[in-house]
Each structure stands twice: as structure tokens, then as C-alpha cells.
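Take a look at the structure set out below.
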Amino acid sequence: MPPIPGSGLAKGLAVTLRTMTKRSHTAQYPDAQPELPPRTRGVIGLFEENCTVCMLCARECPDWCIYIDSHKETIPAVTPGGRERSRNVLDRFAIDFSLCMYCGICIEVCPFDALFWSPEFEYAETDIRDLTHERDKLREWMWTVPAPPALDPAAEEPKEVAAARKAVEKAEAAAAAAAAQAAAAAAQDAPTTGPGTPGTPGTPGTPGTPESPAGGTAR
Amino acid sequence: MNDVLDVALRLIVVFAVFLVLPLVIGQTEHKVMAHMQGRLGPMYAGGFHGWAQLVADGVKFAQKEDVVPAGADRRIFQLAPAVALLPYLLVLVAIPVGPSEGAVGQVIDAGLFFVLAVMGVGVLGSVMAGWASANKFSLLGGLRTAAQLLAYELPMLLAAASVAMAAGTVSLPGIVGAFEWWWLPWQITGALVFFTAGLAELQRPPFDMPVADSEIIFGAYTEYTGLRFALFLLAEYAGIVVLCALTTVLFLGGWHGPFGGGWGWTLLKTAVLAFVVIWLRVSYPRLREDQLQKLAWTVLIPLALAQIALTGIVKVAIQ
């Protein structure tokens, strides 16, 4: 059926009228802050405890806007006769946001989760040099990083959680096994030693045995 | 002395209406257009939902330098905004709002004739501006204005003539006085033609080819700045008031209405029509120049002639 002549004109009027009755999309920004989701590309926060000064971020940055200074410290050997260890200590970590193009590569490459996106975006400055955010400022941004969004209901378990859960399960299994062993040993000991000697050398060891495999599962 | 006071009072009231209503319509346009496009429109000027936006605009326009181009025809250039604006003030004097003697600025026996003649003068302002600016875009705008005036004045007059035939008078209060509810279906074609042609004469979208800002930079108004430009804009909104009030008076029965008539009905109908004017602007894209001419000569004029024929037949039949 061909359309009725003029129906297009009526449709146009209907569209504008319907739009008028709906809520407008305008965000009244300076009066009302926008609600930005986690991982919004506002500013980059640094969690410096996680940083090992591996320099990956600085090297991957397409703009070369990350500045890192560090020095090495040697840690004396823990055990006598052991080897001394060396450790990187961060002296300076700065991001020049006047160069940064918010590509997020530094955050992607960081192997120790030291860099995070924060949705804060109101850090305009009147002097371009103030846009180079030093370590303390990057640390302050870290506190504005929101928790990551929840996983989908049927999603796979995150790797970290899976590893931790496996470690706990293993520890529990070992503890249960040790407890069973200890119980069996105690059952064997009981008829031979008799009730007169409760403080046998085997008993103080029993609370300690479940602990040791739990601590040692990582190895 | 009493007569002088009476005339002065009437003129002051008409002048106040002339200054206030176009601004109200302008503000409504800001807001309605914004919401039809999913926006909020002005929100800051004056505090409450930007009610003083047009006042602020006026202050801004008044502060701007009044530039006259070196090559312009100086006197005509400066006179043009007044020619565009004043006719609408004159028309407003003759439009009856209520049934009583006090509800019209001045009763004119040949009211319809006067109103249409004076409204035609308003368009001359744009033509003068277009010619006097000594600017190619302005000249194009002026030519298009002239072409549009020629094309749309005819259907507008024919539609108005149909109402005058029906009422047997050209006095505006006389026409409203003779109005019956069944005139509405009887004159509906004429009403549509009159309203459309009026829109085109005001150069309102979708008939804004002469001022098309995206192609000929506001046509005849290209060279205008400051207050003179503001006067042209004011003329456009005053034109909306006049067109809507005239359509109300001629075709929608003016102050007649359910629950006893009164001047409130005239204002309400005018306001609804003004909303429609804004609504049409938001909904439709601009007509091309040849489409504009085609619409006038092949659609509106035949429709207006058919309306006159229908009016004549019915008029003879009921006598």
C-alpha cells in the first residue's frame, strides 16, 4: 500500500512533539557532576608500593610523558653467609598530562598493577608546567580510583582469586591429612603409653603440624 | 481632553503588547525548540530557567557597534529596520481582542484591507535592506524576499477574501461578530492557506530561503549589527504575533468559544498558533527556492481559489 500523501509531514511533527514530552538529555555539568563509570579515562593514579621501577610504562608511552628516576639499594643478607640482594627504589615518578594522550598503554603494560585509571577530570591548570603531576599528586589520584565493576554473573573466576582459592584448598587438604595422621598416631600411642603419661613428646608437635604445610604450600 | 487621554492610553497598551508578546514568543521558542531537540535551552539568565535570556540578548545587542558598510546606501540602510518593524505595530492597533469597544486599539471599517496592505509593507524592509547593503549575499536575500512576497501575497489575499465574502464585511470586529462554529470546517482550507502563506511571508522556517543562514548568511541582514539587527529579529517575532492573531480573528472565531467568549479565548488561540509556528520550524527542513515557488503557484493559489468558489456557493445556497 502506498503511504498516504503527507503522512511523512505528520510523522515529523509527531517525532518532535514526542521528544518534547520526554526528559532532555542535557547534563548540567558544573551544577551536577557526571556519574562516570570505573576505568573512565580521566587521570592516571600511581600505587607506588606496587611499582618495581621496571620502566615498562615509560618505554611503552608513545608520547614519552612518563618520567622515572630510581636508584639501587642493596639489602644485607638475611642469613649469615647468604647473598646480598639488590632492590630498586623509586625516586621520581611523574606524568606530564600536557603530553599524555590518554591511550592507557602504560596501565595496560604495568605487570604489577601500579597504575590505574581514575575518572577525575577537573585538573586544568593556568600554567602548563603544573600539568606534570609528580609522585605525591599521582598518589592522591590513587584514592579516587573506584572499585572495578562487578563481573558478569556467569563469568570465569578472576585469575588471582582462583590462585588464592586453590592455595587455600590445598592448605586445608594438607591440614586435614595431617590432623588425620596425628589422630591415628595418637590412637596408636594411647594403648601403649597409658593414661599416666599425657605429656609425651609427640603431643606438643600436633598443633604445629597443620601450620607448617599451610605456610609451605607456595613452594 | 478625555479623547486625547483615551487615545494615548490605547496606544500605550498596544505598544506594551507590541514589546512584550514578541519577547514571550521568542522565549517560548527558545524553550520549546530546546525540549523538542532533547535539550534544556537557556537556564542561567535571570535565575529561573533562563527567563531573562532575551533581555540579556537585548542588552548585548544594544552594546554592539552600529556599523554601516562604506559602500552601502546609507539612509536606506538605516531606515530599513524601522520599515520592517513598524507595520506590525500598526497592524496590532487594528486587531480586536475582545467583543467590547475597549478591546481593540482602533476600529477600522476596512480593517481587513488595512491589515493586509500594511503587512505587505513590512516585507519591503527586507528588500530595502538587501539592496542598500551593497553585498551580494544581501542582494540575493532581497531578491528571494521579493520573489517570495510576490508568490505568497496572492494566496494570502485570496484566503482572506473568502472570509470577507462569508461575513459580508471587511471590518475585523464585524467578521468575528458574524462567526459561527460551522465556519471552521467551511473555511478550513482558507485557514490553512492563509496560515501557510503568512508563515512564508514572515520568512519563518521552513520558508526561510531568503534568510537561509547556512547558504546566504542571513540574506538581507548580513551587514546589520547591534540594535538594527535586533529590530529585524523583533520584527520577525512581532510578525508571528500578528499572523497568529489575524488567523485567530479571521478563521478561528476570535473571542468566541465554549463557556462564554472573551478576550482570553483570543489570546489562547493566538498562543496555540504561535506554538504551531515554532513546532513547524523545529520539524521541517528548509524548502528549496524552486519548491517554494512551486508550492505557492501550484498548490496554495488553486486551493485558495477553490475555497473562494466554495464560499460563494455556500453563501448563495444559504440565502
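Coordinate-derived values only; no laboratory data. What you see is a predicted model, and the numbers here were worked out from it, not measured in a lab. Neighbour counts are summed over all protein chains in view; Cβ atoms, including those assigned to glycine, are modelled from backbone coordinates with ideal geometry.
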* Asked: R0 = 41 Å: FRET efficiency of B:Gln291 with B:Ala178, Cβ-based, nearest 0.05?
  -> 0.65
* Take every residue in peptide A:5-15, count the Cβ atoms of other chains within 10 Å of its Cβ, and give the average of those counts. => 2
* Throw me the Rg/Rh for chain B, computed over C-alpha atoms with Kirkwood Rh, two decimals. => 0.97
* On a 0 to 90° scale, report how tilted helix B:226-251 is relative to the longest principal axis of chain B, with both axes built from alpha carbons and the result rounded to the nearest 10. => 10
* Asked: Any idea which of B:Leu23, A:Ile44, B:Phe207 is furthest toward the positive side of the dipole for the protein assembly as shown, if Lys and Arg beta-carbons carry +1 and Asp and Glu beta-carbons -1?
  -> B:Phe207
* Structure fact -> Cα-Cα longer than 25 Å, checked against A:Lys22/B:Lys294; B:Lys31/B:Lys60; A:Lys11/B:Lys294; A:Lys137/A:Lys159; A:Lys11/B:Lys31, kept in input order, equals A:Lys22/B:Lys294; A:Lys137/A:Lys159
* **Cβ-based charge dipole, the protein assembly as shown, positive-most Cα from B:Leu85, B:Thr189, B:Leu139** => B:Thr189
* Would you list B:Ile108, A:Ile75, B:Ile25 from fewest to most Cβ contacts within 10 Å? -> A:Ile75, B:Ile108, B:Ile25
* List the relative contact order of chain B as a percent without decimals, with contacts defined as Cα pairs under 8 Å and 6+ residues apart. => 23
* **Estimated distance in nm for a label pair at A:Ala176 and A:Tyr67, the labels positioned 7 Å out from Cα along Cα-to-Cβ** => 5.8
* **Sorted largest first, extent of the range A:1-91 alpha carbons per principal axis (Å)** => 97, 35, 26
* To do: Pull up all non-local amide H partners of A:Val43: gap of 5 or more, or a different chain, and H-to-H distance under 5 Å with H placed in the peptide plane.
  => A:Ser118, A:Glu120
* Asked: For helix A:202-216, what angle does its Cα long axis make with the longest principal axis of chain A, in degrees from 0 to 90 and rounded to 10?
  -> 30
* To do: List, in order, the whole-Hz ³J(HN,Hα) value for each residue of the range B:165-181 obtained from phi through the Karplus relation with A = 6.51, B = -1.76, C = 1.60 and θ = phi - 60°; use x for Gly and Pro.
  => 4, 4, 7, x, 8, 10, 7, 5, x, x, 5, 5, x, 7, 5, 10, 4
* Residue mean of other protein chain beta carbons inside 10 Å, B:35-46 -> 4
* Asked: Where does the range B:136-228 land on Rg(C-alpha)/(2.2 N^0.38 Å)?
  -> 1.40
* Using the Cα centre as the reference, give the magnitude of the dipole from point charges on the C-beta atoms of the range B:68-318 (Lys, Arg: +1; Asp, Glu: -1; all else neutral), rounded to the nearest 20 debye. => 200
* **Dipole magnitude of the protein assembly as shown about its Cα centre (Cβ charges: Lys, Arg +1; Asp, Glu -1), debye to nearest 20** => 1320
* Structure fact -> Here, B:Val13 and A:Met101, labelled 7 Å along Cα→Cβ, have an inter-label distance in nm of 7.0
* Structure fact -> The Cα radius of gyration of the range A:1-154, divided by 2.2 N^0.38 Å with N its residue count, comes to 1.69
* Would you compute the Debye intensity of the range B:19-141 from its alpha-carbon atoms alone, equal scatterers and no solvent, and pass along log10 I(q)/I(0) at q = 0.12 Å⁻¹ to two decimals? => -0.72
* Asked: Using a simple spin-label model with points 7 Å from Cα along the Cα→Cβ vector, what separation in nm is obtained for B:Leu150 and A:Asn50?
  -> 7.6
* To do: Note the per residue figure in Å³ for the convex hull of the C-alpha positions in the protein assembly as shown.
  => 348
